[in-house]
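Here is the structure we will look at, set down as structure tokens.
The values are calculated or read from the model by the stated rules, or taken from the named source; none is laboratory data. Computed from a prediction, not measured in an experiment: that's the story for all the values here. Positions of Cβ are generated from backbone atoms using ideal geometry, with glycine treated the same way; all protein chains shown enter the neighbour counts. Side chains included, ligands, DNA and RNA excluded: accessible areas come from the protein's heavy atoms. Shrake-Rupley method; radii C 1.70, N 1.55, O 1.52, S 1.80 Å.
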Amino acid sequence: MPKLPEAKKILKAIGMPEKQQNDMCARTLLALAHLTQQDEWRKAASDEPMRTVDIMEFMKKYYRKAYKPNTRESVRKQALQPFLQAALVENIRRATNDGSGGYVLTAEFLSLLRTYQTEKWDGALQSFLECHDSLVEKYQTKRESERLPVQVNGRGLRLSRGKHNALQKAILEEFASRFVPKAKCLYVGDTIKRDLVLDEDALQKFHITITQHDKMPDVILYSEEKNWLFFIEAVTSVGPMSPKRILELREMTRATERGIVYVTAFPDRATYKKFVADLAWETEVWLAEEPEHMIHLNGSRFIGPYR
């Protein structure tokens, strides 16, 4: 039998919701197990962490399904997030000094997969289902212990570990306290929970309309004292405040009367140097390794909104 319907049967057998029994989720499972159409389930393996883009490349190569690049978010939300919550996969770093995440099957679920279509399947499935709640709790506890504590609007939250979120933590705790004291955080995302903080009421009040096609800045701060909005991009590998990005953000905020300050945050000078040619004029640059200082690409103004 082709692998796709088999993967769907497994997802159904372990009690995944109907929405997670579709083709995308089945292909994601097969990619994470490194199984091609010809492989037997006993050969399932999950030694090397896979990024979302790696999973999509596997689908394209072995299952002739080429998802568009902007589908990565759908794969993450529809398959990987539910798999994480169900203790089927975990998100780990490739190395202790590398913030990039990769997904692997949990040892318990991998062990179950290897018994599919063997005489051990029924017993292994029953054992997996009996301990499933404790597995969910085990991996949830592990994820929480690995997360970065951060103070946002006076309350403690936790960000997933990684270079990008470490920089976001620095923005919220180091940049904000120095350059936007008493500012309120209206938005901050997370690599697992995209809208970790989202003040929709405030954004609507400021006439900022967000659609599903809009790419939010990594952090949005509001200074009531100055009546300024700070749009901040945390850049470790992509996404500085380039002229193109500024045009996108202006379109998103064309109805607001608040002043807007555009900031690109980098972890260090080395990263900043990689992107210096891409940065737009009339923006600000902040380096986490030198938090007391700002680089102002704005001519006559020291720091202030473009409009």
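Within the stretch 226-253, the set of residues being over 24 Å from Asp190 (Cβ atoms) and of a type in the set (Val, Ile, Thr) comprises just one member, Ile246. Only strands (runs of 3 or more DSSP E) whose full extent lies in the stretch 220-300 are considered here, and the ones with at least 2 residues that are open to solvent by less than 20 Å² (accessible area, probe 1.4 Å) and of a type outside the set (Asp, Glu) are 228-234, 259-266, 283-287.
Each residue in the stretch 259-285 was checked for being more than 17 Å from Phe179 (Cβ to Cβ), charged (D, E, K, R) and in contact (Cβ under 8 Å) with a residue 12 or more places away in the chain, and 3 pass.
Considering only residues of the stretch 150-175 that are open to solvent by less than 10 Å² (accessible area, probe 1.4 Å) and more than 14 Å from the chain's Cα centre (by Cα), which is farthest from Asp268 (Cα to Cα)? The residue in question is Val152.
For the stretch 24-38, the set of residues classified as touching a residue at least 24 places away in the same chain (Cβ under 8 Å) and either on the phi > 0 side of the Ramachandran plot or open to solvent by 10 Å² or more (accessible area, probe 1.4 Å) (or both) consists of Met24, Arg27, His34, Thr36, Gln37, listed by residue number.
Considering every residue within the stretch 77-87, establish whether at least one is of a type in the set (D, E, K, R) and under 23 Å from the mean Cα position of the chain (by Cα). Taking every residue of the stretch 77-87 in turn, at least one turns out to be of a type in the set (D, E, K, R) and under 23 Å from the mean Cα position of the chain (by Cα).
Conditions (1) at pLDDT below 90; (2) under 28 Å from Arg76 (Cα atoms); (3) among the hydrophobic types (A, V, I, L, M, F, W, C), marked per residue:
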{"residue": "Val180", "(1), (2), (3)": "no, no, yes"}
{"residue": "Lys184", "(1), (2), (3)": "no, no, no"}
{"residue": "Tyr187", "(1), (2), (3)": "no, yes, no"}
{"residue": "Arg194", "(1), (2), (3)": "yes, yes, no"}
{"residue": "Leu203", "(1), (2), (3)": "yes, yes, yes"}
{"residue": "Ala234", "(1), (2), (3)": "no, yes, yes"}
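In the stretch 261-271, the count of residues that are in contact with a strand residue (DSSP E or B) (Cβ under 9 Å, 6 or more places away or on another chain) and at pLDDT below 90 is zero. Condition first: in contact with a strand residue (DSSP E or B) (Cβ under 8 Å, 6 or more places away or on another chain) and open to solvent by 60 Å² or more (accessible area, probe 1.4 Å). Can you find one or more residues in the stretch 193-207 that meet it? Yes. Inspect all residues belonging to the stretch 1-21 and state whether any of them is loosely packed, with under 14 Cβ neighbours inside 10 Å, of a type in the set (A, V, I, L, M) and farther than 26 Å from Leu129 by Cα. No; the residues of the stretch 1-21 include none that is loosely packed, with under 14 Cβ neighbours inside 10 Å, of a type in the set (A, V, I, L, M) and farther than 26 Å from Leu129 by Cα. A search for C-beta distances below 9 Å between a residue of the stretch 66-80 that is buried (at least 17 other Cβ atoms within 10 Å of the Cβ) and any residue that is of a type in the set (Phe, Trp, Tyr) and at pLDDT below 85, counting only pairs 6+ apart in sequence or on different chains, returns Val75/Tyr67. Return the total of residues in the stretch 104-147 being within 30 Å of Ala202 (Cα to Cα) and either at pLDDT 70 or above or open to solvent by 50 Å² or more (accessible area, probe 1.4 Å) (or both). Residues in the stretch 104-147 being within 30 Å of Ala202 (Cα to Cα) and either at pLDDT 70 or above or open to solvent by 50 Å² or more (accessible area, probe 1.4 Å) (or both): 1 in total.
When Gly101 is tested against (1) open to solvent by less than 70 Å² (accessible area, probe 1.4 Å); (2) modelled with pLDDT of 75 or more, only condition (2) is not met.
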